[in-house]
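Working notes, beginning with the structure itself.
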Amino acid sequence: MVQNSLSSASITHNLPTHFIGQRVIYYPGLTSTMGVARREARSGAVGGTVIIAGEQTAGKGRMKRTWLSPEGSLALSIILYPDALYLPSLIMLASLAVVHSIDTVTGLKAQVKWPNDVLINGKKVCGILIESEVKGNIVNYTIIGIGVNVNLRLSDFPEILPTATSLSDELGRDVSRLELIQCLLVEVDRLYLALLAGESMYEEWRDSLVTLGKRVQVKWGKTRYEGIAESVARDGSLLLRCSDGGLTKIVAGDVTLRD
Ligand code: BTN
């Protein structure tokens, strides 16, 4: 039987991180961890503070979508105060931390769909939302929001069943959310310190992308691009070879794989 009850004390107990998760605020239920994290950041919460919800009733996704996060899923937001130069790398860092921790805890091999959806067997298991308040060249704060479908029976959620999966559906058994959260915080801590020490996440992130070499459609607002996802630049943008032979650099958008 997997232990699935969470608390701030159980998450921080013996957590071997330098600063990520040394302060954890846990709510059994919440509208969205992003809102609480934003308020905490604006009132000067210590860097590495983590807001975790047992379930969210109004989870936020990218592009103003909602994010389903019932009991059994993992929903957390991490507060950081990075230098602006690190912002493009945080997208890479967050998705790699998720891929690594899923592998460590479950043995499942996940891949990244540009820019930072995490997929298992072609279906989305995790979404990442990064919000920053930036004035000029100064980052007031950054919040990394991570949602993972951990112990969900996707057949109970027909609206996302065609495109989503969960760790428990992939494994045929439940996974310890506590173990996954702790492992994820350790990974974010390790990668963030590596980044500050000058290491690049770029090569590993690029090599973990399921998107490259594939025919894709990218939506950004009302704009649609179609072509072959040729490469990614070091700033995280996607380089798309369009049918007229030109290379388009896309900084944000939603990718659908066409192959
Ligand atoms: C996406 O793929 O659209 C991003 C989903 C991000 C969901 C996480 S769950 C924790 C945090 N709180 C939220 O309301 N959203 C993010």
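The values are calculated or read from the model by the stated rules, or taken from the named source; none is laboratory data. All values reported here derive from a predicted model rather than from experimental measurement. Counting neighbours? That spans all protein chains shown, and the Cβs are built from the backbone with ideal geometry, glycine included. Side chains included, ligands, DNA and RNA excluded: accessible areas come from the protein's heavy atoms. Shrake-Rupley method; radii C 1.70, N 1.55, O 1.52, S 1.80 Å.
Observations
- Within region 193-228, being touching a residue at least 12 places away in the same chain (Cβ under 8 Å) and among the acidic types (D, E) holds for E204, E226.
- Hits in region 33-55 (condition: in contact (Cβ under 8 Å) with a residue 40 or more places away in the chain, under 21 Å from I11 (Cβ atoms) and out of contact with any Pro (no Cβ under 6 Å at 6 or more places or on another chain)): T33, M34, V36, A37, R38, A41, G48, V50, I52
- All positions within region 1-41 that are basic (K, R), over 20 Å from E179 (Cα atoms) and open to solvent by 70 Å² or more (accessible area, probe 1.4 Å): R39
- If you go through region 217-259 and pick out every residue that is touching a helix residue (DSSP H, G or I) at 6+ places or on another chain (Cβ under 6 Å) and either modelled with pLDDT of 95 or more or open to solvent by 60 Å² or more (accessible area, probe 1.4 Å) (or both), you end up with 3.
- The sole residue among G44, G48 that is surrounded by fewer than 17 Cβ atoms within 10 Å (Cβ to Cβ), more than 11 Å from the ligand (Cβ to nearest atom) and part of a loop (DSSP other than H, G, I, E, B) is G44.
- Checklist (1) surrounded by 13 or more Cβ atoms within 10 Å (Cβ to Cβ); (2) in a loop (DSSP other than H, G, I, E, B) applied to A194, failing item: (2)
- Region 53-64 - residue that is within 7 Å of the ligand (Cβ to nearest atom) and charged (D, E, K, R) and, of those, surrounded by the most Cβ atoms within 10 Å (Cβ to Cβ): K60
- Total residues in region 65-83, condition farther than 22 Å from H18 by Cβ and surrounded by fewer than 23 Cβ atoms within 10 Å (Cβ to Cβ): 7
- Among the residues of region 130-161, those identified as under 20 Å from the mean Cα position of the chain (by Cα) and under 22 Å from L108 (Cβ atoms) are I144, G145, I146, G147, V148, N149, V150, N151, L152, L154, I160, L161.
One line per residue, one yes/no per condition, for (1) touching a strand residue (DSSP E or B) at 6+ places or on another chain (Cβ under 6 Å); (2) polar (S, T, N, Q); (3) within 16 Å of C126 (Cα to Cα):
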position	(1), (2), (3)
V150	yes, no, yes
P162	no, no, yes
L178	no, no, no
D189	no, no, no
A194	no, no, no
M201	no, no, no
W205	no, no, yes
S208	yes, yes, yes
W220	no, no, no
